[in-house]
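S.K.: One structure, as structure tokens, below. Some questions next.
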Amino acid sequence: MKKGLGILGREQRQARGLKKTVKAMWDRVPLYRSRMEDMGMSPEMVSSVEDLQRLPFMTKDDLRDSYPMGLLACERDEVVRVHASSGTTGKPTVVAYTKGDITAWEECMKNCLATAGVTRGDVFQVILGYGLFTGALGFHYGAEGLGAMVVPTGGGFTERQLMLMEDLGTTVFTSTPSYALHLCEEIKDKGTRERLRLRLAILGGESWTEEMRERIEGELGVIAVDSYGLSEVIGPGVAMECPERSGLHPDWDHFLFEVVDPVTGRPLPEGEEGELVITSLTKEAMPVIRYRTRDLTRFIPGICGCGREGLRLERIKGRCDDMLIIRGVNVFPSQVEAVLGKIEGLSLHYRLEVFQPNGLKELKVLCEAEGWMDELQREEKESEAVRRLHENLGIRVGFRLLAPGALERSAGKAVRVTKVA
Ligand SMILES: [Zn+2]
């Protein structure tokens, strides 16, 4: 990164991007204009990045309520592509891209992949679903743009994934962390690890722990880095870890990042954990201003081991919405995963069942064993898990050990929590 003038230059570019975005939203998106008016704001009142905090927020509900394209800030015929995110709670949210957005997205992806250490000459296997989701195409064009050889296998079909991985000499792959874990198992079963040339795994789409990282790195002999992005903002390409694995490097050229109190929305002092809020600076079709991601993180100050300056983002701990309240105590699935990862003999294929027998919510953790165990070993393992979960979470939760392979494997995001009536 350039120093002195370079940094000044960036701030000016950010301010210009912010002003342009605010003006476009004011002119074209009635929902945002009226929200600005309610706060007594107008585009003329925004002149620098500091003015960001005076602007109203946007949320996922805005996208849902404006389904499919009520938030469009460009002419309809300028849109060259749409994507959509999963509609777990009703309609999906649709996002749109102009030609300029597609170019900017490829730029973001190229920067992120270079940060992760991808270079020309890599064989890059995209193990994410092609189609409406942003993931696969984002990585696809970014890796191609860097000059890597892309293998667009898409999600699922593990046998074929592994065959091509071996035959084409895949060096880098991207998938969800839970699918990477599934690949570990399959490769172990087949005993083919020595024939693979994998060196780097770029994982994202769900939050995962350091324990999960250690397993994947250990079993595949790779460096596993975390990738962050969301379709409402652009897709993947928003922030990426470098091989130092000490926080995500955000793309400050295309976005502004804030961390706010998830309840009050007030910006938090540097280093405090809160909700990540993102503003797009270059998006044309569907820009976002102060978009509340619901993802929990904090800024990490200082210079990264790789030499990059600027604030980093801590790996996402979980989504505000993932938080479970069990017997009155806040529990994140990632906390459970961290405990399971420290118990020998347990796999990281797990599921959480929440049920409400009489008033208070209770939690039961189902987790697969790594290998076969006899009755006595199982009982010992179960009581160890109950004890360690209790120590770490501060509440008593149920635990059941399952046979290896008992839980369904997903090609995309893993289903972690099920609610049992
Ligand atoms: Zn770094």
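The values are calculated or read from the model by the stated rules, or taken from the named source; none is laboratory data. This is a predicted model, so every value here is computed, not measured. Glycine also receives a Cβ, built like all others from the backbone with ideal geometry; neighbour counts cover every protein chain displayed.
S.K.: Would you pick out the residues in region 257-284 that are small (Gly, Ala, Ser) and closer than 18 Å to residue 318 by Cα?
M.R.: Listed by number, the residues that qualify are 265, 271, 274.
S.K.: Out of 133, 139, report the one residue that is under 16 Å from the mean Cα position of the chain (by Cα), over 24 Å from residue 247 (Cβ atoms) and surrounded by 19 or more Cβ atoms within 10 Å (Cβ to Cβ). Write out each step before concluding.
M.R.: Details: 139 fails: over 24 Å from residue 247 (Cβ atoms).
Going through 133, 139 in turn, just one is under 16 Å from the mean Cα position of the chain (by Cα), over 24 Å from residue 247 (Cβ atoms) and surrounded by 19 or more Cβ atoms within 10 Å (Cβ to Cβ): 133.
S.K.: Can you confirm whether residue 296 is more than 16 Å from the ligand (Cβ to nearest atom), crowded, with 19+ Cβ neighbours inside 10 Å and of a type outside the set (Ser, Thr, Tyr)? First the steps, then the outcome.
M.R.: Working: more than 16 Å from the ligand (Cβ to nearest atom): yes; crowded, with 19+ Cβ neighbours inside 10 Å: yes; of a type outside the set (Ser, Thr, Tyr): yes.
In short, yes.
S.K.: Taking interchain pairs and intrachain pairs at least six residues apart, which have beta carbon atoms under 9 angstrom, with the first residue in region 282-306 and part of a loop (DSSP other than H, G, I, E, B) and the second within 16 Å of the ligand (Cβ to nearest atom) and of a type in the set (A, V, I, L, M)?
M.R.: Short answer, once both residue conditions are applied: 298/313; 301/311; 302/311.
S.K.: Another question about this same structure. Considering only residues that are closer than 15 Å to residue 228 by Cβ and either in a strand (DSSP E or B) or modelled with pLDDT of 95 or more (or both), which ones fall in region 312-334?
M.R.: Correct list: 312, 313, 314, 318, 319.
S.K.: Just checking, does region 316-324 include any residue being of a type outside the set (Asp, Glu), within 16 Å of the ligand (Cβ to nearest atom) and surrounded by fewer than 19 Cβ atoms within 10 Å (Cβ to Cβ)?
M.R.: If we filter region 316-324 for residues that are of a type outside the set (Asp, Glu), which is where we start, we get 316-320, 323-324.
Right, trim to within 16 Å of the ligand (Cβ to nearest atom) and you get none.
No: zero hits.
S.K.: Got a sec? Which of 329, 354 is under 28 Å from the mean Cα position of the chain (by Cα), more than 21 Å from residue 182 (Cβ to Cβ), exposed (fewer than 15 other Cβ atoms within 10 Å of the Cβ) and not small (Gly, Ala, Ser)? I'd like the intermediate steps shown before the answer.
M.R.: Working: 354 fails: exposed (fewer than 15 other Cβ atoms within 10 Å of the Cβ).
From the options 329, 354, the qualifying one is 329.
S.K.: Moving to a separate point now. Under the condition of being β-branched (Val, Ile, Thr) and touching a His at 6+ places or on another chain (Cβ under 8 Å), which residue from region 91-119 is farthest from the ligand (Cβ to nearest atom)?
M.R.: Initial filter on region 91-119 (β-branched (Val, Ile, Thr)): 93-95, 98, 102-103, 115, 118-119.
Filter again for touching a His at 6+ places or on another chain (Cβ under 8 Å), leaving 94-95, 115.
Values: 94: 34, 95: 29, 115: 7 Å.
Taking the candidates together, the pick is 94.
S.K.: Another question, then. Pick out the one residue from 114, 180 that is within 16 Å of the chain's Cα centre (by Cα) and farther than 15 Å from residue 229 by Cβ.
M.R.: On the way: 114 fails: within 16 Å of the chain's Cα centre (by Cα).
Criteria check complete, one pass: 180.
S.K.: Checking the conditions here, which among 162, 196, 146, 200 is in contact (Cβ under 8 Å) with a residue 40 or more places away in the chain and either surrounded by fewer than 23 Cβ atoms within 10 Å (Cβ to Cβ) or not hydrophobic (A, V, I, L, M, F, W, C) (or both)? Lay out the reasoning, then the answer.
M.R.: Numbers: 162 fails: in contact (Cβ under 8 Å) with a residue 40 or more places away in the chain; 196 fails: in contact (Cβ under 8 Å) with a residue 40 or more places away in the chain; 146 fails: in contact (Cβ under 8 Å) with a residue 40 or more places away in the chain.
Sole residue among the options that is in contact (Cβ under 8 Å) with a residue 40 or more places away in the chain and either surrounded by fewer than 23 Cβ atoms within 10 Å (Cβ to Cβ) or not hydrophobic (A, V, I, L, M, F, W, C) (or both): 200.
S.K.: Mind listing whichever residues of region 376-421 are farther than 25 Å from residue 358 by Cβ, among the basic types (Lys, Arg) and touching a strand residue (DSSP E or B) at 6+ places or on another chain (Cβ under 7 Å)?
M.R.: Once the filter is applied, which keeps residues that are farther than 25 Å from residue 358 by Cβ, among the basic types (Lys, Arg) and touching a strand residue (DSSP E or B) at 6+ places or on another chain (Cβ under 7 Å), region 376-421 yields 378, 381.
S.K.: If we scan region 169-190, do we find a residue that is within 16 Å of the ligand (Cβ to nearest atom), crowded, with 18+ Cβ neighbours inside 10 Å and of a type in the set (D, E, K, R)?
M.R.: Filtering region 169-190 down to residues within 16 Å of the ligand (Cβ to nearest atom) leaves none.
No, because not a single residue in region 169-190 is within 16 Å of the ligand (Cβ to nearest atom), crowded, with 18+ Cβ neighbours inside 10 Å and of a type in the set (D, E, K, R).
S.K.: Here is a further query. Against the conditions (1) closer than 17 Å to residue 204 by Cα; (2) polar (S, T, N, Q); (3) assigned by TED's automatic domain parsing to the domain that holds residue 176, where does residue 85 fall short? Just the number, please.
M.R.: With (1) closer than 17 Å to residue 204 by Cα; (2) polar (S, T, N, Q); (3) assigned by TED's automatic domain parsing to the domain that holds residue 176 applied to residue 85, the lone miss is (3).
S.K.: Being charged (D, E, K, R), assigned by TED's automatic domain parsing to the domain that holds residue 114 and either within 17 Å of the chain's Cα centre (by Cα) or within 16 Å of the ligand (Cβ to nearest atom) (or both) is the requirement here; does residue 275 meet it?
M.R.: On the way: charged (D, E, K, R): yes; assigned by TED's automatic domain parsing to the domain that holds residue 114: yes; either within 17 Å of the chain's Cα centre (by Cα) or within 16 Å of the ligand (Cβ to nearest atom) (or both): yes.
The answer is yes for residue 275.
S.K.: Taking region 241-261 on its own, how many of its residues are within 20 Å of residue 294 (Cβ to Cβ) and within 11 Å of the ligand (Cβ to nearest atom)?
M.R.: 2
S.K.: With the condition kept exactly as written, say whether any residue in region 42-56 is within 30 Å of residue 157 (Cβ to Cβ) and not charged (D, E, K, R).
M.R.: Keep residues of region 42-56 that are within 30 Å of residue 157 (Cβ to Cβ), which gives none.
Within region 42-56, not a single residue is within 30 Å of residue 157 (Cβ to Cβ) and not charged (D, E, K, R).
S.K.: Among the residues of region 255-281, count how many are surrounded by 22 or more Cβ atoms within 10 Å (Cβ to Cβ), within 19 Å of residue 13 (Cα to Cα) and in contact (Cβ under 8 Å) with a residue 60 or more places away in the chain. Reasoning before the result, please.
M.R.: Looking only at region 255-281, we keep the residues that are surrounded by 22 or more Cβ atoms within 10 Å (Cβ to Cβ), and these are 255, 259, 274, 276-281.
So of that shortlist, the ones also within 19 Å of residue 13 (Cα to Cα) come out as 255, 278-281.
Those still in the list that are in contact (Cβ under 8 Å) with a residue 60 or more places away in the chain too: 279-281.
Result for region 255-281: 3.
S.K.: Scan region 216-240 for residues that are touching a residue at least 24 places away in the same chain (Cβ under 8 Å) and more than 16 Å from the ligand (Cβ to nearest atom) and report the count.
M.R.: Keep residues of region 216-240 that are touching a residue at least 24 places away in the same chain (Cβ under 8 Å), which gives 216, 219-240.
With the extra rule that they be more than 16 Å from the ligand (Cβ to nearest atom), the set shrinks to 216, 219-222, 229-237.
So the answer is 14.
S.K.: For region 348-372, give me the residue count where each residue is under 21 Å from residue 382 (Cβ atoms) and free of Cβ contacts under 8 Å to residues at least 60 places away in the same chain. If you could, list the steps in order and put the result at the bottom.
M.R.: Applying the first criterion (under 21 Å from residue 382 (Cβ atoms)) to region 348-372 yields 348-355, 357, 362-372.
Checking the rest, the ones that are also free of Cβ contacts under 8 Å to residues at least 60 places away in the same chain come to 357, 362-372.
Total meeting the criteria: 12.
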